[in-house]
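Every number in this text was worked out from the coordinates using simple rules, so none of it is lab data. Given the structure is predicted, the values throughout are model-derived calculations rather than measurements. Cβ: placed from backbone, ideal geometry, glycine included. Neighbour counts: every protein chain shown.
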Amino acid sequence: MIAKIVIGQGFKGVVNYILDKSKGTELLHSEGVRLKSPETIIQSFVSQAEMNHRLKNPVDHISLNFSAQDCDKISNELMVKISREYMKQMGISDTQYIIGRHHDKEHPHLHIVYNRVDNNGHTISDRNDRFRSEKICKELTQKYNLYFALGKENVKEHRLREPDKTKYEICHSLKTIIPQCRNWDQIIEDLKSQNIGVTFKFKGKTKEIQGVIFTKKGYSFNGSKIDRQFSFSKINYQLKINNDQLQREGQQNKPSRNVQPNTVNVLGDFLYKVEKYDDYNKKKEEMTNVPQIKRRKGFRM
């Protein structure tokens, strides 16, 4: 099972999409909306969203996709059960939502739209929602003994041309490496063994890192362009999760690598190395650009 999350401003488009009869829609479950018509559903969402004018994007649309190999297992009842458990673990509660199943594709899938303005007018946070969602999807897939499909496994990679072919190679490497690492030094080291380079983008003329770029075979890709989960901030968050998990498991005997347990210190040490490397490159460039003074023979009068 995999999830796709899209946050937006208006309810009309997404509600009409979910209830589109041409997709063989079944409305499986709802909460807090008037079901008389699509218009009453939309108006229910809009009315509650107006309780919090500060939130510019009150719409959250989630599609849960199951493998075609699970067609015989996935009933409407099981879909609702999994959906509600997914929402609960994502912190989506005390708010309006509808769950609709579509039958327009080979694999079983459903759509959830919920109001990010809850019943009390408070905002339901979307902080690090994609990392949290991926973790929850894996747990639910295992719990219900479902087939786990990678997000891009249906792409016929042997037909890809450059640079897409290289981008997918980097994507697979990152999916394998990042869950095993606890800091950026480890990521860089492991990617280097696969001929993948790592560089960083800085904010203006400051030393604040705001992005990461991965390079292979002469092609360069921003982390977020490879996949949203591979932006600099999302990778940092995953490193924190990795550290927290190892600490919970009581990693005391033989740590896999000699690293500091404090993620903040590890990141701080790493940023210091990046700064020193950056300073070295600047000095090297300055020395290279110094004009050479030609020596003349004889004395000057």
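General remarks:
- Among the residues listed as I82, I92, the single one being on the phi < 0 side of the Ramachandran plot and touching a residue at least 60 places away in the same chain (Cβ under 8 Å): I82
- At least 1 residues being more than 17 Å from R182 (Cβ to Cβ) and within 16 Å of the chain's Cα centre (by Cα) is the threshold, and among the strands (runs of 3 or more DSSP E) wholly inside region 197-253 those reaching it are 209-216, 219-222.
- Members of region 157-193 that are assigned to a loop (DSSP other than H, G, I, E, B) and either farther than 14 Å from I226 by Cβ or hydrophobic (A, V, I, L, M, F, W, C) (or both): L160, R161, E162, C181, R182, N183, S193
- Meets criteria (surrounded by fewer than 19 Cβ atoms within 10 Å (Cβ to Cβ), in contact (Cβ under 8 Å) with a residue 24 or more places away in the chain and under 23 Å from the mean Cα position of the chain (by Cα)) for I112: no
- Total residues in region 103-137 satisfying the condition of being outside any loop (DSSP other than H, G, I, E, B) and not basic (K, R): the figure is 15.
- Flag if I209 is under 23 Å from E134 (Cα atoms), surrounded by 13 or more Cβ atoms within 10 Å (Cβ to Cβ) and in contact with a helix residue (DSSP H, G or I) (Cβ under 8 Å, 6 or more places away or on another chain): no
- Considering the conditions (1) in contact with a Leu (Cβ under 9 Å, 6 or more places away or on another chain); (2) of a type in the set (S, T, N, Q); (3) farther than 24 Å from E162 by Cβ, Q229 is excluded by exactly one of them, (3).
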